[in-house]
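Heads up: the structure comes next, in structure tokens.
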Amino acid sequence: MCKELLGQFKNNGAEWQAKGEATEVNVYDFLSLGDGLAISYGIYDLVHNHGFVSVGIDHDTAEFAQELAEEEQLAITVAHYPPATSKWNKIEHRPFSFISINWRAKPLTSLEVVLELISHTTTKEGLTVMALKDSKTYATGTKVTDEELAALNLVREAFHGEWNYTIRPQASPSSVQLI
């Protein structure tokens, strides 16, 4: 999951431009100067080398993964990595690292710009990424009952099952990774 401030802000990286045609950006990236946040959730299909990124402007909740698993009949592995351990995270190495390269030095001025830049991310090794706008609003502070949690069909990993688990739908699924 990634959050990016939308607006005329500096984005790390460099891109050549003709002299005098530099893109002007805000010096400060205060939230009050922005046009909201782009909140993205990524899924990476290891077998097909394909990424899918859902980008919305509402809260980040687990509801997205729970609904996606059932709607698409996918087993979604959720892995929460501790800070500074992204070297083990395949979704950060494959789709998200190349997404960052693709939008280097470009201000993320709107949700549409973010979607366009993510959707044009490819590599020589065949990675493709699709991005779609998530227009749904998600409630915050929702309490999940024990019965609702049991109905999710969660399979917890042996190592830190509270952080690492697979959400399985009722039918036989494919395998993907979500962070």
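The values are calculated or read from the model by the stated rules, or taken from the named source; none is laboratory data. All figures in this text were calculated on a predicted structure; none of them were measured in a lab. Cβ placement follows ideal geometry from the backbone for every residue including glycine, while neighbour counts extend to all protein chains displayed.
Brief remarks on what is shown
- Verdict on residue 112 being more than 18 Å from the chain's Cα centre (by Cα), farther than 13 Å from residue 41 by Cβ, surrounded by fewer than 14 Cβ atoms within 10 Å (Cβ to Cβ) and of a type outside the set (Phe, Trp, Tyr): no
- Extreme residue, surrounded by the most Cβ atoms within 10 Å (Cβ to Cβ), among residues of the stretch 115-129 that are among the hydroxyl-bearing types (Ser, Thr, Tyr) and assigned to a loop (DSSP other than H, G, I, E, B): 121
- Residue within the stretch 37-56 that is surrounded by fewer than 15 Cβ atoms within 10 Å (Cβ to Cβ) and touching a Phe, Trp or Tyr at 6+ places or on another chain (Cβ under 8 Å) present: no
- Residue tally, condition under 23 Å from residue 3 (Cβ atoms) and touching a residue at least 12 places away in the same chain (Cβ under 8 Å), over the stretch 118-170: 22
- Output for the stretch 8-65, where each listed residue is among the small types (Gly, Ala, Ser) and part of a helix (DSSP H, G or I): 32, 65
- Criterion: within 24 Å of residue 140 (Cα to Cα), at pLDDT 85 or above and of a type outside the set (A, V, I, L, M) - qualifying residue of 58, 45, 29, 35: 35
- Test result for residue 85, more than 24 Å from residue 133 (Cβ to Cβ), surrounded by fewer than 17 Cβ atoms within 10 Å (Cβ to Cβ) and at pLDDT below 80: yes
- Complete set of residues in the stretch 139-179 that are surrounded by 12 or more Cβ atoms within 10 Å (Cβ to Cβ) and at pLDDT below 80: 173, 174, 175, 176, 177, 178, 179
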